[in-house]
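Participant: Provided herewith is a single structure, encoded as structure tokens, for subsequent inquiry.
The values are calculated or read from the model by the stated rules, or taken from the named source; none is laboratory data. As the structure is a computational prediction, the values presented were derived from the model and not from experiment. Cβ atoms come from the backbone with ideal geometry, glycine included; neighbour counts cover every protein chain shown.
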Amino acid sequence: RPRVLSGIQPTSDSFHLGNYMGAVRQWVDLQRDHQPFFFIADQHAITVDWDPKLLRERTLRGAAQLLAAGVDPEKSAIFVQSHVPAHAQLAWVLNGLTGFGEARRMTQFKDKSAKGGEGAASVGLFAYPVLMAADILLYRPHYVPVGEDQRQHLELTRDLAQRFNGRFKKTFRLPEPYILKATAKIYDLQEPTRKMSKSSSSPNGIIDMLDDPKVTAKKIRSAVTDSETEVRFDLGAKPGVSNLLTIHSALSGESIAALEEQYAGKMYGDLKKDVADVVVDFVTPFRERTLELLDAQDHLQQVLAQGAEVAGQVAESTLRDVYQRIGFVAPT
Ligand code: TYM
């Protein structure tokens, strides 16, 4: 079975709808006929300011949310990045193969370091995509299910894999991004030309999956649309309406075309009300399951221990090959 791997950062109390639709939903689907590895990227979370207590809580909340979303520990290795030391170890090797200019070109680094200036950004933030490449390459996955914003990091990953294979010996598989066009980028409800993101300026633009469903419904009802009245999918001219249609379609299973037909002659308010219902029906049980799982910390820890065990074996075997091929002397 082809392997898949992906990760999510524990940088917020709750996954948002973009995380779910852009990535986690595909993880759940792919686990059926793939060999999956999914992890909470706690090491990526310390590339910007963090609070240790929150990081600890959010890491466990992240794991609980994966399970609540349907990631199944019987099928998938679910683990915490820092539990498998090979990630950081391979990242160090890849650092030596990555050009400074190449890392600097990463748009996420440019965006995230824009506020305080490059000088205020951490070296960790700069090296972030290299750690991500290590995360991926260790498992030799065929596919990496992510949202559109990770595409450039995957290109770097492939470049590094190719470089390593060419310079030493074929060691890594070149992974393919698995990005579903329909939901690759979910937009902010208040600023529908920007992606929904943990660092959005207004909390009203983000649908946090663990929010009180009433709050979520209210946010959707006050989503920004446009001054026309026609419900039509057109990302350029009607980003707000299009985003609502995307969300509706992904959760209800109805096609965009069918929805357009259904809302012909109706008002934006009708669409918003229905999107709110569809989302609330989805997040309500998700939230309940997550809270239950968080009450069963022993079970959660056990799942993570088992995941780290399975992942660790694969990762360490790749790392041994790498160390040998680059000329590190094996300890006796
Ligand atoms: P992170 O934690 O920012 O996001 C987790 C996943 O959610 C996707 N995503 C979105 N998809 C659609 N619309 C949106 N508005 C949206 N916002 C976020 C992201 O694309 C991602 O798939 N660097 C990664 C974590 C990571 C990783 C890896 C991923 C670390 N190592 C190895 C894959 C493989 C990140 O910060 O994702």
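Participant: Under 6 Å between Cβ atoms, which residue pairs at least 6 apart in sequence (or on different chains) link something in the stretch 148-160 that is free of Cβ contacts under 8 Å to residues at least 24 places away in the same chain with a partner that is more than 8 Å from the ligand (Cβ to nearest atom)?
Facilitator: 154/177; 158/174
Participant: Find the strands (runs of 3 or more DSSP E) located wholly in the stretch 1-103 whose residues include 3 or more that are within 12 Å of the ligand (Cβ to nearest atom), and list them.
Facilitator: 3-8, 35-40
Participant: Please enumerate the residues belonging to the stretch 205-221 that are of a type in the set (A, V, I, L, M) and either free of Cβ contacts under 8 Å to residues at least 40 places away in the same chain or touching a strand residue (DSSP E or B) at 6+ places or on another chain (Cβ under 8 Å) (or both).
Facilitator: The answer is 206, 207, 209, 215.
One line per residue, one yes/no per condition, for (1) over 30 Å from residue 249 (Cα atoms); (2) within 9 Å of the ligand (Cβ to nearest atom); (3) in contact with a Leu (Cβ under 7 Å, 6 or more places away or on another chain):
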| site | (1), (2), (3) |
| --- | --- |
| 123 | yes, no, no |
| 130 | yes, no, yes |
| 139 | yes, no, yes |
| 147 | no, yes, no |
| 150 | no, yes, no |
| 162 | yes, no, yes |
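Participant: Condition test on residue 84, is it in contact (Cβ under 8 Å) with a residue 60 or more places away in the chain, buried (at least 21 other Cβ atoms within 10 Å of the Cβ), under 28 Å from residue 317 (Cβ atoms) and among the β-branched types (Val, Ile, Thr)?
Facilitator: yes
Participant: Cβ-Cβ under 7 Å, sequence separation 6+ or interchain: first residue in the stretch 106-120 and farther than 14 Å from residue 47 by Cα, partner among the polar types (S, T, N, Q). Which pairs?
Facilitator: 106/152; 107/152
Participant: Okay, next question. Considering only helices (runs of 4 or more DSSP H) fully contained in the stretch 214-332, which possess at least 2 residues that are at pLDDT below 95?
Facilitator: Here the list is empty.
Participant: Right, another one. Hey, can you tell me all the residues within the stretch 28-60 that are within 18 Å of residue 208 (Cα to Cα) and either of a type in the set (Asp, Glu) or buried (at least 23 other Cβ atoms within 10 Å of the Cβ) (or both)?
Facilitator: Answer for the stretch 28-60, where residues must be within 18 Å of residue 208 (Cα to Cα) and either of a type in the set (Asp, Glu) or buried (at least 23 other Cβ atoms within 10 Å of the Cβ) (or both): 40, 57.
Participant: Pairs only if they're at least six apart or on different chains, beta carbon under 6 angstrom, first in the stretch 187-204 and under 16 Å from residue 222 (Cα atoms) and within 11 Å of the ligand (Cβ to nearest atom), second part of a loop (DSSP other than H, G, I, E, B) and modelled with pLDDT under 95; list them, first residue then second.
Facilitator: Every condition considered, the pairs that remain are 188/200.
Participant: Then there is this: If I filter the stretch 85-104 for residues that are modelled with pLDDT of 95 or more, acidic (Asp, Glu) and under 19 Å from residue 296 (Cα atoms), do I get at least one hit?
Facilitator: The answer is no, given that none of the residues of the stretch 85-104 is modelled with pLDDT of 95 or more, acidic (Asp, Glu) and under 19 Å from residue 296 (Cα atoms).
Participant: Let me ask something else. Only one of 171, 229 is more than 30 Å from residue 140 (Cα to Cα), surrounded by fewer than 21 Cβ atoms within 10 Å (Cβ to Cβ) and touching a Phe, Trp or Tyr at 6+ places or on another chain (Cβ under 8 Å). Can you tell me which?
Facilitator: 229
Participant: Hey, among the residues in the stretch 287-332 that are farther than 30 Å from residue 215 by Cβ and of a type in the set (Lys, Arg), which one's surrounded by the most Cβ atoms within 10 Å (Cβ to Cβ)?
Facilitator: For the stretch 287-332, the residue satisfying everything is 325.
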